[in-house]
Amino acid sequence: MRQLMLCFGMSALLLTNVYADGYLWLSGAGEMPARVFRYNLRTGQIDRVVEPGRWGFVQSRDYNLLAYDGNDLYVGLENDRTLLKLNPYTGAFRSAFAYQMCNCFYGHHWMKDGTIHNGEIWRAAPAHSTSSPGIVHVSDVAGEPTNAFYGMNRPDLQPIGLEWVGDALLITTANGLHRVNFPDEPLVFGAVQYALSGVPSGHTLGGLAYDPAGDALYLASADSNGATLWRVQLNHDAQTATATPVDNLTLKGYPAGLQPTALGWVPARAGDANDDGCVDDADLLEVLFAFGANNAQADLNRDGTVDDADLLEVLFNFGSGC
Ligand SMILES: [Ca+2]
Ligand SMILES: [Ca+2]
């Protein structure tokens, strides 16, 4: 355990200021109804917990995060057509709409992670049963039916995490990371496994999220002791993936025993010291009250001190997002 802690500490040092600031929203499968959690890269804390079941929609044992489309954070229920649009910073409810899909999968898909790519919603959907192939479903962001879905030619692959990284569609299964291959025939694809190093073999792999501005791919995994957030470096030619720990999520407030089946990336707004998506008086006060201190919340440029530079970041962005 001590070695593990040292490892996290060292990697945190090495990776300081490497990340683009932002938030990784995590699902938490294993509770009924489930919650979703926001991990803040700047402060290194789980700083928001949302309970979608309180809004009166169908309760779910796993609210699978999809993605941020520039305005909303999309959250789906594990086994229902409803999609929720949330404030991407606070997680507050904004709206809900029906998620169209093929009737043949309704009630049987237990959908997991997802992403928005070229205006379409992609979701990982494990097989209906052990004898049928896994599915990745496609809809569009307005919920209009596309009736497009893709099977896999590998019944043994049960997708959990799903993310586009450039022109590569990646999925995780419980114990492997794969790149999807789209062959010529429609509705069927295959996958090639990448050799994944860094993640302990006892961990179940979960959601994937990609920050295009920082060119950073994130992965969540867990075992019975807790969950870990990783950054993954891909080598498509060598078909390898190297994971480096970003943080021990359970030490930061993510409950042990839950599975982070989905991960969603939302970039931070410059100058937003209190992480509510709006740069205003509250951010100014956050910086002023911490002036001169080593305070991660107010240290917007992550140089270890709250000073003029952080204050200017608030002032230059004042009013943004409000
Ligand atoms: Ca703010
Ligand atoms: Ca600073």
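The numbers here are math on the coordinates, done by the rules we state, and not lab data. Everything numeric in this text was worked out from a predicted model, so none of it was measured. Cβ coordinates were reconstructed from backbone atoms using ideal geometry, including for glycine residues, and neighbour counts include every protein chain displayed.
For the chain, list the DSSP H helices whose alpha carbon atoms reach 15 Å or more along the long axis and whose average Kyte-Doolittle value is 0.0 or above?
Details: long enough: 2-15 (19 Å, 1.48).
Flagged H segments are 2-15.
Starting with the highest mean, order 170-176, 191-197 by the number of other Cβ atoms within 10 Å, averaged over the residues of each peptide.
On the way: 170-176: 21.0, 191-197: 16.0.
With the highest mean Cβ count within 10 Å placed first, the list reads 170-176, 191-197.
Taking the Cα-to-Cβ direction at residue 318 and at residue 302 and moving 7 Å from each Cα, how far apart do the two end points lie in nm?
Label at residue 318, label at residue 302, 2.7 nm between them.
I want the local charge near residue 59. Using Cβ-Cβ distances under 12 Å, sum +1 for each Lys or Arg and -1 for each Asp or Glu among the other residues. Don't jump to the answer; show the numbers that get you there.
Working: positive: 35, 54, 61; negative: 31, 51, 62, 78, 80.
Net of charged neighbours comes to -2.
Just report the Cα centroid separation between segment 19-76 and segment 187-229, whole Å.
Spelled out, the Cα-based centre of one part sits 17 Å from the other.
With r as the distance between the Cβ atoms of residue 156 and residue 55 and R0 = 30 Å, compute the FRET efficiency 1/(1 + (r/R0)^6) and round to 0.05.
On the way: r = 37 Å, r/R0 = 1.24.
Working from the Cβ atoms, E equals 0.20.
With r defined as the distance between the Cβ atoms of residue 82 and residue 291 and R0 fixed at 45 Å, what FRET efficiency is calculated, to the nearest 0.05?
On the way: r = 45 Å, r/R0 = 1.01.
Step by step, r from the Cβ atoms, then E = 0.50.
Among 167, 223, 156, whose mean-square fluctuation peaks in a Gaussian network model of the chain (Cα, cutoff 10 Å)?
Evaluated over the chain, the most mobile residue of the options is 167.
When ranked by the protection proxy of mean other Cβ atoms within 10 Å per residue, highest first, what sequence do the peptides 198-211, 294-307 form? Walk me through the numbers before you get to the answer.
Numbers: 198-211: 20.4, 294-307: 17.9.
Packing proxy ranking, top to bottom: 198-211, 294-307.
Who wins for biggest fluctuation among 53, 134, 76 in a Gaussian network model of the chain, springs between alpha carbons below 10 Å?
53
Using the beta-carbon distance between residue 118 and residue 174 and R0 = 35 Å, what value does 1/(1 + (r/R0)^6) give for FRET efficiency, to the nearest 0.05? It would help to have the intermediate numbers written out before the result.
Working: r = 28 Å, r/R0 = 0.81.
The computed FRET efficiency comes out at 0.80.
Based on DSSP H runs of at least 4 residues, each adding -39500 (n - 2.57), what is the mean residue ellipticity at 222 nm of the chain after dividing by all its residues, to the nearest 500 deg cm²/dmol? Display every interim value, and only then the final one.
Values: 3 runs with 32 residues, N = 322.
So the calculated ellipticity at 222 nm is -3000 deg cm²/dmol.
Near residue 321, within a Cβ-to-Cβ distance under 12 Å, what is the net charge of the other residues, with Lys and Arg +1 and Asp and Glu -1?
Charge balance in the 12 Å sphere: -4.
Toward the positive end of the charge dipole of the chain, about the Cα centre and with charges on Cβ (Lys, Arg +1; Asp, Glu -1), which of 43, 317, 55 goes farthest?
Of 43, 317, 55, it is 55.
In debye, nearest 20: dipole of the chain around its Cα centre with unit charges on the Cβ of K, R (+) and D, E (-)?
Values: 18 positive and 36 negative charges, 227 e Å.
The calculated dipole for the chain is roughly 1080 debye.
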